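For reference, the structure is listed below as structure tokens.
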Amino acid sequence: MAKKDEVKKMAGKASKPEKAVKTKAAEARAPAKTQKKPVRAQAKAETTFQLKAPHAAQVFVAGCFNGWNPTANPLEQEKGTWKCTLAIEPGEHEYRFVVDGVWCDDPANMSRRRNEFGTQNCVCIV
């Protein structure tokens, strides 16, 4: 009868799942748990665009920051100088002015990049 009790005990142990014992070696192989850090949006920076064009009737700035929309951001004239200030994401941005419907470079910015139209875009870093 003692043997039957031992067999039952052994059978009961075999049917129960054993707890996994983590060793230091197993922990080293296991991927580390990473916590997701909240992504903090970078603050937009106030950027002023200006162009001296005393005889212009309208001046706009178009660039990657406004989908290259030639009428999205008008500049205001102040004594022959056209200005506007935009809040732009930090990074590198290409832009051009649109003066009376004609795309123009920014003569005050020599940082340029060739574009697909055979001209150059001005580059600003915010």
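Every read-out reported here was derived from the displayed coordinates using simple, explicitly stated rules and does not represent laboratory data. Please read these numbers as outputs of a predicted model, since none were measured by experiment. Heads up, the Cβs are rebuilt from the backbone with ideal geometry, glycines too, and the neighbour counts pull from every protein chain shown.
Here are some notes:
- Sorted peptide list for 101-113, 72-84, 56-68, criterion being average Cβ within 10 angstrom, highest first: 56-68, 72-84, 101-113
- Between VAL102 and GLN77, residue separation times 0.36 nm minus the direct Cα-Cα distance comes to 7.3 nm.
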